[in-house]
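Asker: I have a structure I would like to understand better, so I am pasting it below and will then ask my questions one at a time.
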Protein chains: 2
Amino acid sequence: MNHQQLFEQIQKKRSFLCVGLDTDILKIPKHLKDTSDPIFSFNKEIIDATAEFSVAYKPNLAFYESLGWQGWESLEKTVHYVREKYQDIFLIADAKRGDIGNTSNLYARAFFDKLDFDAITVAPYMGEDSVKPFMTYLDKWVILLALTSNKGAFDFQFLKDEKSGDQLFESVLKTSKDWGSNESMMYVVGATKAEKLKEIREIVPNHFLLVPGVGAQGGSLQEVAKNGMNNKCGLLVNSSRGIIYASAETDFAEKAGEAAKKVQQEMEILLSESKLI
Amino acid sequence: MNHQQLFEQIQKKRSFLCVGLDTDILKIPKHLKDTSDPIFSFNKEIIDATAEFSVAYKPNLAFYESLGWQGWESLEKTVHYVREKYQDIFLIADAKRGDIGNTSNLYARAFFDKLDFDAITVAPYMGEDSVKPFMTYLDKWVILLALTSNKGAFDFQFLKDEKSGDQLFESVLKTSKDWGSNESMMYVVGATKAEKLKEIREIVPNHFLLVPGVGAQGGSLQEVAKNGMNNKCGLLVNSSRGIIYASAETDFAEKAGEAAKKVQQEMEILLSESKLI
């Protein structure tokens with residue numbers, strides 16, 4: 001999916017919601033645990049209940065890997081299900097990979113060839129040759145970590161470079177934006193750092209930003225939209241726990257759908273206020 | 001495995017070699033491709049031929065993930081094989097993970113509970129809470145990226161902090177060494193940056209360093225030992241392609257054994273010169 005197509009989906013659904021499929025075997029409703037693949041059963045019902053209100057899904061790889069190869073099989077089934085039933089969904093592998101060139105090539109093979117994801121999150125520490133292999137695929141995306149939503153972001157991401165005066169996350173943005181274009185790169189910016197979105201928009205005015213941290217982590221959707229929205233929306237705001245665990249009972253999918261709809265309605269207002277729909 | 005036990009293995013085998021299991025389905029000998037699990041068949045023979053000369057193995061996750069859930073199954077079989085047959089081997093998941101706290105917890109579950117690795121490589125960009133969950137397991141290790149062997153290392157790892165004057169990799173070392181001890185943390189330092197090992201040893205005199213980049217990437221074992229060895233050796237030097245692809249024919253395991261033995265013999269001299277054996 002390219003930049004324009006993603007924007008069109010946002011306009012059509014009046015939503016820039018990404019649902020995080022952080023599917024934890026310990027948290028899914030009891031009645032699903034007897035099915036042959038509880039993780040996939042859960043995802044399938046969540047997707048069916050929320051696809052109308054969401055433009056993207058973001059499985060977090062850790063949750064699948066923690067179950068070994070069976071977890072990977074559940075992930076593959078989830079990806080295939082979305083690809084068959086909801087062709088217009090943007091699929092993000094939240095994998096935070098990144099390695100030397102020949103290894104990143106293989107991660108690209110894993111997530112873009114073997115699995116048909118649209119995008120993968122990548123950590124910037126190892127620099128250009130760890131990121132570029134993901135950008136050789138047409139209409140596939142790298143989503144590079146810039147400013148993350150967690151407390152540990154303050155350990156290194158704000159260190160200020162002696163020469164340029166830029167903080168590390170700014171150096172990451174400024175250096176990496178020349179590695180590709182806003183047709184192949186996005187950035188992760190945590191909603192808990194919404195006040196930084198204005199500065200970030202000056203560096204990357206046209207890139208999409210993937211924004212986690214709204215909801216459970218405390219970020220505000222209004223603040224994110226106010227500071228981060230551009231003329232093609234330019235935002236994918238992720239919510240995980242607030243949607244997929246809205247209920248732990250047999251009505252979990254229905255409640256997830258309601259929670260997603262509520263976020264979509266807030267987003268519709270924000271899109272409308274910005275005259276994007 | 002703890003620090004002292006690892007040092008004892010190094011003394012016993014007169015080797016600080018880590019064999020990188022970067023097992024690429026496109027590169028393994030033809031005659032293995034008809035077996036039910038070519039990746040595991042290859043690893044098994046490589047391990048049997050090299051275990052005498054190696055203290056550690058390091059599967060690189062990208063190679064397994066590129067094959068989907070079947071790749072993960074091959075990885076699991078490899079780990080179980082080592083655990084059953086070679087109890088004294090130190091097993092490193094070269095995964096370069098790192099995410100917010102609750103997600104890193106799940107990665108720890110994946111690699112330390114579900115799989116029985118001794119250590120996992122982790123990227124430092126997201127800071128303390130992305131690293132600490134891996135250190136709650138007794139005698140398990142985080143191996144944090146400090147200075148990597150690739151060209152992209154120059155993009156961010158050498159940025160100099162305005163306040164402290166430290167380059168980013170130095171900040172990573174200085175800040176992170178207080179998150180754990182030399183009983184729970186190691187660092188990745190590329191052999192191609194061997195001249196930096198002296199400075200690094202001043203910051204972390206007692207930690208083990210995992211050193212990739214000898215061989216195919218051009219690093220020198222002698223330089224690494226000269227600048228990086230401490231009184232408990234403190235080095236695990238990785239070689240992947242130079243050993244596992246020493247031959248692409250039916251004699252691949254034999255040739256891998258010979259290549260590993262050659263490295264071991266060089267290491268024995270270096271250990272002996274430093275009076276560690």
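Asker: Normalised by the empirical 2.2 N^0.38 Å for globular proteins, what value does the Cα Rg of chain B take?
Answerer: Expressed relative to 2.2 N^0.38 Å, the Cα Rg reads 0.96.
Asker: Sticking with this one: Can you tell me the mean projection area, over all orientations, of the convex hull of the range A:63-104's alpha carbons? Units nm², please.
Answerer: Quarter of the Cα hull surface area: 3.9 nm².
Asker: Treating only the Cα positions of the protein assembly as shown as identical point scatterers, give the base-10 log of I(q)/I(0) from the Debye formula at each q in 0.10 Å⁻¹.
Answerer: -0.80
Asker: What is the distance in Å between the Cα centres of the range B:95-140 and the range A:147-226?
Answerer: So the separation of the two Cα centres works out to 24 Å.
Asker: Could you please state, rounded to a whole Å, how far the C-alpha centre of the range B:1-37 is from the C-alpha centre of the range B:233-271?
Answerer: Centre-to-centre (Cα) distance: 9 Å.
Asker: Also: Return the sequence-ordered ³J(HN,Hα) values of the range A:223-231 in whole Hz as given by the Karplus equation 6.51 cos²θ - 1.76 cosθ + 1.60 applied to θ = phi - 60°, using x for Gly and Pro.
Answerer: 4, 4, 5, 4, 8, x, 6, 10, 6
Asker: Whenever you get a sec, compute what percent of the accessible area on chain A sits on carbon and sulfur atoms (1.4 Å probe).
Answerer: Ligands and nucleic acids excluded, carbon and sulfur give 47 percent.
Asker: Please list the non-local residues whose amide H lies under 5 Å from the amide H of residue A:90, H modeled 1.01 Å from N, same-chain partners needing a gap of 5 or more.
Answerer: Answer set, sorted by chain and number: A:56, A:57.
Asker: Given a cut-off of 15 Å, what percent of all Cα-Cα pairs of the range A:126-204 lie beyond it?
Answerer: It works out to 57 percent of all Cα pairs.
Asker: Can you compute the charge dipole magnitude of the protein assembly as shown about its Cα centre, using +1 on each Lys and Arg Cβ and -1 on each Asp and Glu Cβ, nothing else charged? Give it in debye, rounded to the nearest 20.
Answerer: 540 debye
Asker: Given a cut-off of under 8 Å on Cα pairs at least six residues apart, what relative contact order in percent is computed for the range B:3-273?
Answerer: 22 percent
Asker: Same structure again: Say a label goes 7 Å from Cα toward Cβ at residue B:27 in every copy; what distances in nm does this one have to the rest, shortest first?
Answerer: Spacings between copies for this position, smallest first, are 3.9 nm.
Asker: Which semi-axes, in whole Å and largest first, does the equivalent ellipsoid of the range A:73-212 have when worked out from the alpha carbon gyration tensor as the square roots of 5 times its eigenvalues?
Answerer: Those come to 27, 16, 14 Å.
Asker: Could I ask something else about it? Going 7 Å from Cα along the Cα-Cβ axis for the label, what nanometre distances separate residue A:5 from the same residue across the other copies?
Answerer: Result, one decimal in nm: 5.1.
Asker: In the neighborhood of residue B:275, defined by Cβ-to-Cβ distances under 15 Å, what is the net charge if each Lys or Arg adds +1 and each Asp or Glu adds -1?
Answerer: Local net charge: +1.
Asker: Give the angle, between 0 and 90 degrees and rounded to the nearest 10, that separates the Cα long axis of helix B:3-13 from the longest principal axis of the Cα atoms of chain B.
Answerer: 40 degrees
Asker: Name the residues of the range A:118-135 whose accessible area, probed at 1.4 Å, falls by at least 40 Å² once all protein chains are in place instead of their chain on its own?
Answerer: Residues of the range A:118-135 that lose at least 40 Å² of accessible area once the other chains are added: A:125, A:126, A:129.
Asker: Starting from 0.36 nm per residue, how many nanometres of slack lie between residue B:11 and residue B:198 once their C-alpha separation is accounted for?
Answerer: 65.0 nm
Asker: Can you pull out the trypsin sites (Lys or Arg not before Pro) in the range A:202-277 that DSSP calls coil and that have at most 14 other Cβ atoms within 10 Å?
Answerer: Filter output for the range A:202-277: A:275.
Asker: For the residue pair residue B:116 and residue A:265, what label-to-label distance in nm results when each label sits 7 Å from Cα along the Cα-to-beta-carbon direction?
Answerer: 5.4 nm
Asker: Per the helix-only calculation at 222 nm, which mean residue ellipticity applies to chain A, given -39500 (n - 2.57) for every DSSP H run of n ≥ 4 and division by its residues, nearest 500 deg cm²/dmol? Before the final figure, lay out each step's value.
Answerer: On the way: 12 runs with 112 residues, N = 277.
Theoretical 222 nm ellipticity from helices: -11500 deg cm²/dmol.
Asker: Which net charge results when you count Lys and Arg as +1 and Asp and Glu as -1 among the other residues whose beta-carbon is under 14 Å from that of residue B:22?
Answerer: Summing Lys and Arg as +1 and Asp and Glu as -1 gives +1.
Asker: I need the fraction of alpha carbon pairs in the range A:215-277 separated by more than 17 Å, rounded to a whole percent.
Answerer: That tail contains 45 percent of the Cα-Cα pairs.
Asker: For the protein assembly as shown, build the charge dipole from Cβ charges (+1 Lys, Arg; -1 Asp, Glu) around the Cα centre, then report which of B:242, B:221, A:35 sits farthest towards its positive end.
Answerer: Projecting each Cα onto the dipole axis, the largest value belongs to B:221.
Asker: On to the next question. Measuring from a point 7 Å out along Cα→Cβ, what nm distances, shortest first, does residue A:158 have to its partners in the other copies?
Answerer: Those label-point separations list as 2.8 nm.
Asker: Just subtract the alpha-carbon distance of residue B:154 and residue B:183 from 0.36 nm times their residue separation and send over the number in nm, one decimal.
Answerer: Numbers: separation 29, 0.36 × 29 = 10.44 nm, distance 2.93 nm.
Gain on extension, residue B:154 to residue B:183, equals 7.5 nm.
Asker: Have a look at the DSSP beta bridges in the protein assembly as shown and tell me what percent are antiparallel, nearest 5. Don't jump to the answer; show the numbers that get you there.
Answerer: Details: 5 of 63 bridges.
Bridges in the protein assembly as shown are about 10 percent antiparallel.
Asker: Tell me the net charge near residue A:166. Cut-off is 11 Å between Cβ atoms, residue A:166 excluded, with +1 for each Lys or Arg and -1 for each Asp or Glu.
Answerer: It works out to a net charge of -2.
Asker: Right, next: As an exercise, use a Förster radius of 60 Å and the Cβ-Cβ distance of residue A:88 and residue B:272 to find the FRET efficiency, rounded to the nearest 0.05.
Answerer: 0.40
Asker: Now for a separate question. Trypsin sites (Lys or Arg not before Pro) within the range A:98-168: which are DSSP loop residues with at most 13 other Cβ atoms inside 10 Å?
Answerer: Passing both the DSSP loop test and the Cβ count: A:163.
The values are calculated or read from the model by the stated rules, or taken from the named source; none is laboratory data. Note that the structure is a prediction, hence the values are computed from the model and not measured. Here the Cβ is made from the backbone with ideal geometry for all residues, glycine too, and neighbour counts use every protein chain on show. The protein model used for the area step is the full one, side chains on, heavy atoms only, and it has no ligands, DNA or RNA in it. Shrake-Rupley method; radii C 1.70, N 1.55, O 1.52, S 1.80 Å.
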